[in-house]
Amino acid sequence: MGTRMAERREYAPMIPEAPIDLGAARQAHRILQAGFVVLPILAGLDKFVHALADWDRYLAPFVASQLPVSPHTFMQAVGVIEIVAGLLVALWPAVGGYVVAAWLWGIIVNLIMSGAYYDLALRDFGLSLGALALARLSALFPRRAAVSGRRRA
């Protein structure tokens, strides 16, 4: 640990050492976890009812042409995966955060391949950073504490 602190001082001599505010970190963790549980589940459910968007139009034409099923059926499968990802974040945010980030990167590639929706790709990149932050913050709070709300000793 001494070497790590010396390295930090070497690269950032103007940053004062400060203790981590675990209360603020826990709040940030819970906010991110709530968002990455609820939002993927809602988006996944909406793949079946299309109340929020016509999700099929976001599928890149090249991807749609390679599918063994209809684009609509594929998007319903995507919806199931999103629901599972949301549940994974609820139960195991340290892993779920990385899964959601990777999933978002796949969505970004699809959006860029479509030749449109660059604004959504940029938004999803920002969301992926939040998912990565959730995964990293989860290292501070064990799975049991994140699920049950109990404080660490």
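The values are calculated or read from the model by the stated rules, or taken from the named source; none is laboratory data. None of these values were measured; they are calculated from a predicted model. Heads up, the Cβs are rebuilt from the backbone with ideal geometry, glycines too, and the neighbour counts pull from every protein chain shown.
Data overview
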| read-out | value |
| --- | --- |
| Candidate set: segment 44-76, residues that are closer than 21 Å to Ala121 by Cβ and among the small types (Gly, Ala, Ser); chosen: the one farthest from the chain's Cα centre (by Cα) | Ser65 |
| Check on Asp124, surrounded by fewer than 17 Cβ atoms within 10 Å (Cβ to Cβ) and of a type in the set (Asp, Glu) | no |
| Failed item, numbered, when Ala60 is tested on (1) more than 18 Å from Leu132 (Cα to Cα); (2) in contact with an Asp or Glu (Cβ under 9 Å, 6 or more places away or on another chain); (3) at pLDDT 95 or above | (2) |
| Condition met for Tyr117 (on the phi > 0 side of the Ramachandran plot, at pLDDT 95 or above and surrounded by 13 or more Cβ atoms within 10 Å (Cβ to Cβ)) | yes |
